[in-house]
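All of the numbers you see were taken from the coordinates with simple rules; none came from a lab. Every value quoted in this text rests on a predicted model; they were computed, and no experiment measured them. Glycine gets a Cβ as well: all are built from the backbone with ideal geometry, and neighbour counts include every protein chain shown.
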Amino acid sequence: MWLVPATVAFDLRTHEERKRVTVDGAWHAGLSVDPLTGKVYAADLAKSRLIEVCPGSDGPRLIPAGQGTIDVALSVDGRTAYTANQAAGSVSVIDLATGDVTNEIKTCAGTLAVATDARTGRIFVANKDAGTTSVVDPSAGTAIADLPTGANTDHVTVVRGTAYVVDKAAAGPRTLDSIHRIRASC
């Protein structure tokens, strides 16, 4: 039996399925939700695009992104999406009103995860193959730092101006998983 990729909404009180949106051929990867609009954005690794699902809509909107789109983060105002493009080693900056890629910023090999710093507007990008985390200024369109964070840098999240980056069992003492803390003042 083949599984059909879907984005599914559940009622958190009853745990019942409320809505299911399927996109044939999609490989859902990263996910981000705009808390202001309720729109859900799923990275589609198979087709290098975003799948946008709006509350009350009949179907998804498909938005082209960069090569190997595997994760997505949103700007604080929800008007811009940032996609981690694994095959391209880059981040796409996407205007969500138009659906256009307005910039593609090179980071490092194996771009795998992206997170937005709500305080500065900068984005943090985990680069698995390069073993780094890039700090990107999307308004300037440049990576302003590439910080070493381990051979399998795999996930990043930002909380109150501090980025936390996971390195999966390839570096450090006895090859244990590690978490790196990066203060967003750079």
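Here r is the Cβ-Cβ distance between VAL101 and LYS168 and R0 is 30 Å; the resulting FRET efficiency, rounded to 0.05, is 0.55.
Please tell me the relative contact order of the chain in percent, rounded to the nearest whole number, where contacts are Cα pairs under 8 Å and at least six residues apart. Mind showing how you got there, number by number?
Numbers: 535 pairs, mean separation 19.7, N = 186.
For the chain, the relative contact order is 11 percent.
In this structure the amide hydrogen of HIS155, modeled in the peptide plane, comes within under 5 Å of the amide hydrogens of VAL166, none closer than 5 places in sequence on its chain.
Between amide H atoms placed 1.01 Å from N, distances below 5 Å from GLY66 occur with SER92, all of them 5 or more places distant or on a separate chain. In region 35-186, a dipole from Cβ-located charges (positive for Lys and Arg, negative for Asp and Glu) runs towards its positive end, and of VAL165, VAL101, ILE51 it is VAL165 whose Cα lies farthest in that direction. Under the simplified labelling scheme, the THR37-THR142 pair shows an inter-label distance of 3.1 nm, with each label point 7 Å from Cα along Cα→Cβ.
The simple spin-label model puts a point 7 Å past each Cα toward its Cβ; for VAL159 and ARG13 those points are separated by 2.9 nm.
Estimated from the Cβ-Cβ distance and a Förster radius of 45 angstrom, the FRET efficiency linking THR22 and ALA109 is about 0.85. Cα centroids of region 17-68 and region 76-107: 14 Å apart. Could you identify which residue out of GLY141, GLY56, GLY150 has the top mean-square fluctuation in a GNM of the chain using Cα springs shorter than 10 Å? Evaluated over the chain, the most mobile residue of the options is GLY56.
Within a Cβ distance under 12 Å of GLY89, other residues only, what is the Lys/Arg minus Asp/Glu net charge? Provide the component values of the computation, followed by the final result.
Working: positive: LYS106, LYS128; negative: GLU104, ASP129, ASP146.
So the environment of GLY89 carries a net charge of -1.
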